[in-house]
Amino acid sequence: MGSSALSLSCAALAGLVLGLLYFGGLWLTVRTLPRSKQPGMLMLGSFTARLSVTLCGFFLVMDGTLERVLACMAGF
């Protein structure tokens, strides 16, 4: 598909969505920590899930081109 303007815009939009998911999940985790019986496990589980989703999203958006992953990072 190359690095057309539409492709890069879609990659940046995907980065924005990934950033909202990542930091939204972090916000929910921080709000839940005071009520958690095992805050360490909550933090570890949340971090693992957020990082996995984000890395998979970056990998899918990248599709082998550096320009798309950079646009995705800029959106993130």
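Measure off 7 Å from each Cα along the Cα-to-Cβ vector at Val17 and Ser4, then give the distance between these two points in nanometres to one decimal.
A separation of 1.9 nm, rounded to one decimal place.
Show log10 I(q)/I(0) for the chain at q = 0.15 Å⁻¹, two decimals, from a solvent-free Debye sum over equal Cα scatterers.
Per q value, in the given order, log10 I(q)/I(0) is -0.55.
For Trp27, project a label point 7 Å along Cα to C-beta. Then give me every residue of the range 54-76 with its amide nitrogen under 17 Å of that point.
In the range 54-76, the label zone of Trp27 (backbone N under 17 Å from the point 7 Å along Cα→Cβ) covers 76.
Any read-out appearing in this document is the output of simple, stated calculations on the displayed coordinates, not a laboratory observation. All values derive from a computational prediction rather than experimental measurement. Every residue, glycine as well, gets a Cβ built from its backbone with ideal geometry; the counts of neighbours run over all protein chains shown.
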